[in-house]
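The values are calculated or read from the model by the stated rules, or taken from the named source; none is laboratory data. No experiment lies behind these values; they were computed from the predicted model shown. Cβ atoms come from the backbone with ideal geometry, glycine included; neighbour counts cover every protein chain shown. For accessibility, only protein heavy atoms count, side chains too; no ligands or nucleic acids. Shrake-Rupley method; radii C 1.70, N 1.55, O 1.52, S 1.80 Å.
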Amino acid sequence: MDVELRQLRVFLTVASELHFSRAAARLHVSQPALSQQIRTLEKALGTPLFDRTSRATELTPAGRVLLDAAPRVLFEAERARTRVAQAAEGASGLLVVGSVGTALASIAPRILRTVRARYPDLQMQVSQHDTAAQMVALAEERLDVGLVRAAAPTTAVTVEELVAEPLVAVLPGDHPLARHDTVDAGDLAGEAFVLWPRPLGSEFFDILTGYCRDHGFSPRIVAEGADIETQLSLVAAGIGVSLQPSYYANLRPPGVEFRPLSGDAPAVALQVAWRRRDRSAAVRHFVEAARVCAAG
């Protein structure tokens with residue numbers, strides 16, 4: 001069976017008029033041409049669809065069945081066409097997004113809200129991963145786009161800075177330095193530190209330790225945490241102090257105080273990352289939304 005959508009539309013017009021001349025006029029075709037299309041459709045289906053007499057045109061039982069089914073077929077065909085067009089334009093489908101916790105605590109919700117408002121049919125699957133894991137997952141096409149921190153571009157993945165925030169001192173609530181409005185880096189020289197493991201983001205780790213070395217000491221790392229919640233809990237417990245981007249002050253966990261660093265504290269960049277060769281419209285929409293949110 002080889003039935004064209006155009007033939008179904010012609011059939012529905014004839015079925016609504018039950019008159020070939022009037023149907024031909026509605027479709028702006030000649031009556032012989034319309035009759036030929038109906039005969040072609042009947043041949044494809046293997047059965048007559050109309051009883052034609054000199055006085056009337058009536059639907060056959062098979063024609064009545066097709067009259068019930070044809071609108072659904074045309075509706076599904078149009079919906080499929082629309083969804084294909086939306087997918088090609090990046091307005092639908094699935095976008096797999098990775099994000100560091102820093103972004104989830106700051107700019108990521110605004111980006112996701114912006115994308116969803118513009119493209120409500122585009123599904124986004126969001127999960128938290130450290131920067132190093134995201135860069136690998138992007139290269140291996142397990143992520144479509146990522147929000148990373150202080151990452152260097154690679155041959156496979158490009159990164160673009162969105163926002164940058166200064167490092168701040170993170171202190172137990174009862175720490176003597178928490179009584180100060182700002183903290184001098186040199187005052188942290190004798191402290192125990194809680195930091196991120198370097199493999200989770202070597203560039204970020206090197207920014208932290210480089211800042212300490214620039215102020216005359218190497219941080220004495222006594223504990224590491226694979227996520228910010230663990231690290232802040234360790235700080236709250238008095239295990240040590242930490243240096244973190246100021247974004248995390250939004251979390252405001254009990255027992256932890258955030259204090260600006262005196263002088264010129266290094267800024268830590270949040271970036272959007274995607275595959276260099278990716279031409280996905282959905283990825284482009286996400287990156288554009290990220291730029292808008294960063295600029296606003």
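Along the Cα→Cβ direction, 7 angstrom out, place labels at V65 and D121. What is the inter-label distance in nm?
3.2
Find the accessible area per residue for the chain; the probe is 1.4 Å, ligands and nucleic acids are left out, and the unit is Å².
On a per-residue basis, 51 Å².
Quick one: net charge of L34's neighbours, Cβ under 12 Å, K/R +1, D/E -1?
Working: positive: R6, R9, R22, R26, R39; negative: E17.
Local charge sum for L34: +4.
Take every Cα pair under 8 Å in the range 137-296 that's 6+ residues apart, average their separations, divide by the length, and report that relative contact order as a whole percent. Don't skip to the end; give the middle numbers.
Values: 283 pairs, mean separation 67.9, N = 160.
After rounding, I find 42 percent.
Would you kindly work out the equivalent ellipsoid of the range 202-286 from its C-alpha gyration tensor and give its semi-axes, the square roots of five times the eigenvalues, largest first in whole Å?
Working from the Cα gyration tensor, I get semi-axes of 30, 18, 13 Å.
Counting pairs of alpha carbon atoms under 8 Å apart in space and at least six apart in sequence, what relative contact order in percent does the chain give? Walk me through the numbers on the way to the answer.
Values: 481 pairs, mean separation 64.3, N = 296.
Value for the chain: 22 percent.
Just to confirm my numbers, what's the Cα centroid distance between the range 154-231 and the range 236-296 in Å?
A separation of 13 Å, based on Cα centres.
For the chain, what is the calculated [θ] at 222 nm in deg cm²/dmol (nearest 500), taking -39500 (n - 2.57) for each run of four or more DSSP H residues and dividing by its residue count?
Numbers: 10 runs with 125 residues, N = 296.
After summing the helix terms and dividing by residue count, I get -13500 deg cm²/dmol.
Among bridges DSSP assigns within the range 1-147, what percent are antiparallel (round to 5)?
Numbers: 3 of 13 bridges.
Close to 25 percent.
Principal axis lengths of the range 150-264 from Cα atoms, whole Å, largest first?
Computed over the range 150-264, the largest-to-smallest principal extents equal 46, 29, 25 Å.
As a test question: what accessible area, to the nearest 10 Å², does R81 have when a 1.4 Å probe is rolled over all protein chains in place?
It works out to around 130 Å².
Kindly give the semi-axes, whole Å and largest first, of the ellipsoid equivalent to the chain, taking each as the square root of 5 times a Cα gyration tensor eigenvalue. Show your work: numbers first, answer last.
Working: eigenvalues 933, 54, 42 Å².
Ellipsoid semi-axes (Å, largest first): 68, 16, 15.
When the chain is treated as a GNM, springs tying every alpha-carbon pair under 10 Å, which of T154, T57, T131 comes out with the largest mean-square fluctuation?
For the chain, modelled as a Gaussian network with Cα springs under 10 Å, the answer is T57.
If you put +1 on each Lys and Arg Cβ and -1 on each Asp and Glu Cβ, how big is the dipole of the range 76-168 around its Cα centre, in Debye rounded to 20?
Values: 9 positive and 11 negative charges, 64 e Å.
Taking the Cα centre of the range 76-168 as origin, the dipole is about 300 debye.
At 1.4 Å probe size, with the rest of the protein present, what percent of the exposed accessible area of the range 1-153 is carbon and sulfur atoms? Before the final figure, lay out each step's value.
Numbers: 4600 of 8430 Å².
Taking all protein chains in place, the range 1-153 shows 55 percent carbon and sulfur surface.
Could you identify which residue out of F50, F204, F193 has the top mean-square fluctuation in a GNM of the chain using Cα springs shorter than 10 Å?
F50
Can you send over the solvent-accessible area of E76, 1.4 Å probe, protein chains only, in Å² to the nearest 10?
Here the accessible area works out near 90 Å².
If you add up the charges near P197, with Lys and Arg at +1 and Asp and Glu at -1, over every other residue whose beta carbon is less than 10 angstrom from its beta carbon, what do you get?
Surrounding charge for P197 is -1.
For the full complex of protein chains and a 1.4 angstrom probe, list L94, L167 by accessible area with the highest value first.
Ranked list, largest accessible area first: L94, L167.
If you add up the charges near G238, with Lys and Arg at +1 and Asp and Glu at -1, over every other residue whose beta carbon is less than 14 angstrom from its beta carbon, what do you get?
Net of charged neighbours comes to -3.
For the full complex of protein chains and a 1.4 angstrom probe, list F75, F205 by accessible area with the highest value first.
On the way: F75 120, F205 30 Å².
Listed by decreasing accessible area, they come as F75, F205.
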